[in-house]
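J.: Before I ask anything, here is the structure I am working with.
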Protein chains: 2
Amino acid sequence: MMTELKEKLAENKTLSRLERERFIAMFKAMGNPIRYEMMEYMLKFPGCNTTNIVDHLPIAQATVSQHLKVLKESGLVSGELEGPATCYCLNDENVNWFKETVQRIF
Amino acid sequence: MMTELKEKLAENKTLSRLERERFIAMFKAMGNPIRYEMMEYMLKFPGCNTTNIVDHLPIAQATVSQHLKVLKESGLVSGELEGPATCYCLNDENVNWFKETVQRIF
DNA sequence: AACATATATCGTATATTTACGATATATAAG
DNA sequence: CTTATATATCGTAAATATACGATATATGTT
């Protein structure tokens with residue numbers, strides 16, 4: 001019956017309204033070349049801070065901050081204060097949920 | 001050695017410039033609520049035509065057609081002429097590539 | 001408290017996306 | 001070849017996203 005449950009979950013192609021909104025927000029967040037690059041950078045350098053990201057990209061600090069906000073709001077990225085800086089990482093839990101949901105839905 | 005190759009491919013987190021562009025275009029395409037709904041609809045009703053989709057959505061035919069173009073250009077969706085109508089389906093090959101790439105990259 | 005450093009937010013210009021009605025195109029039927 | 005039906009494209013208005021400089025906030029240091 002554990003197996004049956006797993007199969008049921010694996011086949012279930014519906015999301016609650018909030019899950020669906022989050023799922024779409026994640027697609028939207030990654031559907032921008034700058035933000036996609038940021039995701040790749042954080043994957044490569046977990047714990048990097050805003051300055052690292054700004055140095056790595058051809059855009060102004062204010063714009064980086066704006067993009068980080070979109071990524072954070074989608075749930076894909078987490079930032080935690082470390083002294084005067086903020087360290088950014090992929091939010092593993094939410095990224096895994098995204099990956100599982102992609103497999104499940106399509 | 002087949003196993004090693006598989007592992008190598010599974011771990012490879014880089015995409016060519018064109019693959020990367022397509023990957024981002026797919027995220028962008030699905031990052032819109034109307035287009036996401038269209039994807040779900042085509043998943044549920046493969047081979048549906050534009051009229052079916054128009055009837056299912058709260059937007060004008062011209063707008064549906066525009067969104068379908070975005071989905072087609074991303075590679076996620078294929079349309080083939082069937083008489084005077086166009087039948088739409090998810091492009092399984094490309095959707096599977098997307099799913100595999102999501103697993104591989106993140 | 002004053003200062004330096006790191007990041008976020010504000011205001012705003014520009015670019016892109018979204019949506020529509022009108023119109024063009026393309027196929028099948030008569 | 002005219003008509004009906006299905007879809008795509010055009011032109012355009014309105015909404016949203018992107019980018020920037022200027023400024024605010026927040027933390028650690030002196």
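J.: Which is more than 25 Å from residue B:21 (Cα to Cα), at pLDDT 95 or above and within 14 Å of chain B (Cβ to nearest Cβ), of A:40, A:19?
T.: A:19
J.: Quick one: count up the residues across segment A:70-106 that are among the basic types (Lys, Arg) and within 10 Å of DNA strand D (Cβ to nearest atom).
T.: 0
J.: Let me ask you something else. Given (1) open to solvent by 70 Å² or more (accessible area, probe 1.4 Å); (2) within 14 Å of another protein chain (Cβ to nearest Cβ), identify the lone condition not met by residue B:80.
T.: (2)
J.: Just one of B:76, B:71, B:90 is over 16 Å from residue A:30 (Cβ atoms) and either within 15 Å of DNA strand C (Cβ to nearest atom) or free of Cβ contacts under 8 Å to residues at least 12 places away in the same chain (or both); which is it?
T.: Only one candidate qualifies: B:71.
The values are calculated or read from the model by the stated rules, or taken from the named source; none is laboratory data. Just so it is clear, the model here is predicted, and its values are computed rather than measured. Cβ sites come from the backbone with ideal geometry, for glycine too, and all protein chains shown count toward neighbours. The protein model used for the area step is the full one, side chains on, heavy atoms only, and it has no ligands, DNA or RNA in it. Shrake-Rupley method; radii C 1.70, N 1.55, O 1.52, S 1.80 Å.
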